[in-house]
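What follows is a short report on a single structure.
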Amino acid sequence: MRRVLSALAIGLVFGVGIVVSGMANPAKVLNFFDVFGTWDPSLALVMASALAVTFLGYKVVLQRPAPVLERTFHLPAKRQLDLPLIGGSALFGIGWGIAGFCPGGAIPALGSGQSSPITFVGAMIVGILLVNGLGALSARRRALA
């Protein structure tokens with residue numbers, strides 16, 4: 001139960017930060033990409049701040065022998081770049097540039113009552129299900145071969 005409450009609290013803090021910084025507003029995000037028009041550098045400031053906090057947080061937290069609510073740290077084991085990572089990153093960036101939403105901004109924006117974040121999150125869920133289904137199908141084919 002402590003893990004669930006911890007995840008809820010962390011999600012709420014993240015969501016509030018997204019809303020307060022304006023990153024739940026797709027127009028603000030899209031203005032960041034409009035370098036020769038109505039450019040708004042605030043997204044870069046939000047990202048730089050997040051990177052600084054994350055960098056310092058990892059330095060402090062990884063000094064501990066174990067996390068507070070887990071037995072071990074769960075860090076990525078893969079270090080190499082591969083096609084799924086690069087393709088997924090490109091797809092993420094293209095979608096973000098077109099819609100003005102990323103998952104972190106779209107989920108808090110669901111509370112706005114507007115249809116665009118609902119459409120985005122729905123499409124994101126369909127995409128996740130498709131990728132998972134294709135991955136399972138590919139694994140099944142490899143097992144049969």
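Of the conditions (1) touching a residue at least 40 places away in the same chain (Cβ under 8 Å); (2) over 19 Å from ALA99 (Cβ atoms), GLN63 fails just one. Which one is it?
(1)
Tally the residues that are β-branched (Val, Ile, Thr), within 20 Å of ASN25 (Cβ to Cβ) and surrounded by fewer than 11 Cβ atoms within 10 Å (Cβ to Cβ), restricting the search to the range 93-130.
1
For the range 53-61, check the following and say yes or no: at least one residue is touching a helix residue (DSSP H, G or I) at 6+ places or on another chain (Cβ under 8 Å), under 27 Å from VAL16 (Cα atoms) and hydrophobic (A, V, I, L, M, F, W, C). Walk me through it before giving the result.
At the first step, the residues of the range 53-61 found to be touching a helix residue (DSSP H, G or I) at 6+ places or on another chain (Cβ under 8 Å) are none.
No, the conditions are met nowhere in the range 53-61.
Only one residue in PHE73, PHE101 is in a loop (DSSP other than H, G, I, E, B), touching a residue at least 40 places away in the same chain (Cβ under 8 Å) and within 23 Å of PHE14 (Cβ to Cβ), so which one is that? Full working, then the answer.
On the way: PHE73 fails: touching a residue at least 40 places away in the same chain (Cβ under 8 Å).
Among PHE73, PHE101, only PHE101 is in a loop (DSSP other than H, G, I, E, B), touching a residue at least 40 places away in the same chain (Cβ under 8 Å) and within 23 Å of PHE14 (Cβ to Cβ).
Suppose the filter is closer than 25 Å to VAL29 by Cβ and surrounded by 10 or more Cβ atoms within 10 Å (Cβ to Cβ); does ALA136 pass it? Explain how you work it out, then say what you get.
Working: closer than 25 Å to VAL29 by Cβ: no; surrounded by 10 or more Cβ atoms within 10 Å (Cβ to Cβ): yes.
So ALA136 does not fit the description; no.
So which residues in the range 1-44 are aromatic (Phe, Trp, Tyr) and either assigned to a helix (DSSP H, G or I) or under 17 Å from the mean Cα position of the chain (by Cα) (or both)? Before you say what the answer is, go through the steps one by one.
So in the range 1-44, the residues aromatic (Phe, Trp, Tyr) come out as 14, 32-33, 36, 39.
Of everything in the range 1-44, those that are aromatic (Phe, Trp, Tyr) and either assigned to a helix (DSSP H, G or I) or under 17 Å from the mean Cα position of the chain (by Cα) (or both) turn out to be PHE14, PHE32, PHE33.
Can you confirm whether the range 45-60 contains a residue that is in contact with a Phe, Trp or Tyr (Cβ under 8 Å, 6 or more places away or on another chain) and either without any contact (Cβ under 8 Å) to a residue 24 or more places away in the chain or part of a loop (DSSP other than H, G, I, E, B) (or both)?
Taking the range 45-60 first, the residues in contact with a Phe, Trp or Tyr (Cβ under 8 Å, 6 or more places away or on another chain) are none.
Scanning the range 45-60 turns up no residue that is in contact with a Phe, Trp or Tyr (Cβ under 8 Å, 6 or more places away or on another chain) and either without any contact (Cβ under 8 Å) to a residue 24 or more places away in the chain or part of a loop (DSSP other than H, G, I, E, B) (or both).
Which one is farthest from GLY100 (Cα to Cα), of the residues in the range 17-34 that are touching a residue at least 12 places away in the same chain (Cβ under 8 Å) and in contact with an Asp or Glu (Cβ under 7 Å, 6 or more places away or on another chain)?
Residues of the range 17-34 touching a residue at least 12 places away in the same chain (Cβ under 8 Å): 18-19, 21-30, 32-33.
If we keep only those that are in contact with an Asp or Glu (Cβ under 7 Å, 6 or more places away or on another chain) as well, we get 28, 32.
Working: LYS28: 8, PHE32: 10 Å.
Top of the filtered list is PHE32.
Pull up the range 76-87, narrow it to residues that are over 16 Å from the mean Cα position of the chain (by Cα) and part of a helix (DSSP H, G or I), then point me to the one that is surrounded by the fewest Cβ atoms within 10 Å (Cβ to Cβ).
LEU83
Mind listing whichever residues of the range 111-145 are β-branched (Val, Ile, Thr) and in contact with a helix residue (DSSP H, G or I) (Cβ under 8 Å, 6 or more places away or on another chain)?
Within the range 111-145, the first condition is being β-branched (Val, Ile, Thr), and the residues that meet it are 118-119, 121, 125-126, 128, 131.
ILE118, VAL121 - these are the residues of the range 111-145 that are β-branched (Val, Ile, Thr) and in contact with a helix residue (DSSP H, G or I) (Cβ under 8 Å, 6 or more places away or on another chain).
Please pick out the residue among ALA52, ALA90 that is surrounded by 10 or more Cβ atoms within 10 Å (Cβ to Cβ), over 16 Å from the mean Cα position of the chain (by Cα) and among the hydrophobic types (A, V, I, L, M, F, W, C).
Working: ALA90 fails: over 16 Å from the mean Cα position of the chain (by Cα).
Residue meeting the stated conditions: ALA52.
Each value in this text was obtained by applying a stated rule to the coordinates, not by laboratory testing. Just so it is clear, the model here is predicted, and its values are computed rather than measured. Because the Cβ atoms are built from the backbone with ideal geometry, glycine has one as well, and the counts that use them run over all protein chains shown.
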